[in-house]
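The values are calculated or read from the model by the stated rules, or taken from the named source; none is laboratory data. Everything numeric here is computed off the predicted structure, so don't read it as measured data. Because the Cβ atoms are built from the backbone with ideal geometry, glycine has one as well, and the counts that use them run over all protein chains shown. These area figures cover heavy atoms from the full protein model, side chains too; ligands, DNA and RNA do not enter into them. Shrake-Rupley method; radii C 1.70, N 1.55, O 1.52, S 1.80 Å.
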Amino acid sequence: MNSLTYLEWMKHLPKDDGSYSSCECPACGEKGLSYQYFGFGNGDVGWKVIWCEACQSGVKISRTKVPQGVTKLIDFQEQERFFETKPELKLIF
């Protein structure tokens, strides 16, 4: 498994959310990445976590536009639960 920089992850990621499921992980080469948006109240700016279920490597993208209609975790407790269910995540910030 490769140890990638934030910039290497960013260069590899597709531009649209619909392409993550067919994208290869830049760290291990497995096909399919997952993602989750996080945000604040009714604002359209938040952050996104993108990760590989196979190797648990991923990246956190700060200050990203949250598209209308997507599920975003707003409540602090929801956000904490998300990370508690994925204790093995190795995120690059």
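Structure above, values below:
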item: Of all residues making up the stretch 39-48, the number that are in contact (Cβ under 8 Å) with a residue 12 or more places away in the chain and either within 11 Å of the chain's Cα centre (by Cα) or open to solvent by 70 Å² or more (accessible area, probe 1.4 Å) (or both); result: 4
item: Residue in the stretch 21-33 that is under 24 Å from Ser3 (Cα atoms) and part of a helix (DSSP H, G or I) present; result: yes
item: Residues of the stretch 49-93 that turn out to be assigned to a loop (DSSP other than H, G, I, E, B) and either farther than 22 Å from Gly18 by Cβ or touching a residue at least 24 places away in the same chain (Cβ under 8 Å) (or both), as a count; result: 17
item: The stretch 1-20: number of residues that are part of a loop (DSSP other than H, G, I, E, B) and open to solvent by 20 Å² or more (accessible area, probe 1.4 Å); result: 8
item: Tally of residues being touching a helix residue (DSSP H, G or I) at 6+ places or on another chain (Cβ under 9 Å) and open to solvent by less than 50 Å² (accessible area, probe 1.4 Å) across the stretch 71-93; result: 3
item: Criterion: within 21 Å of Lys86 (Cα to Cα), touching a Leu at 6+ places or on another chain (Cβ under 7 Å) and either at pLDDT 95 or above or open to solvent by less than 70 Å² (accessible area, probe 1.4 Å) (or both) - qualifying residue of Cys23, Cys55, Cys28; result: Cys23
item: Where Lys65 falls short, out of the listed (1) open to solvent by less than 50 Å² (accessible area, probe 1.4 Å); (2) farther than 23 Å from Lys90 by Cβ; result: (1)
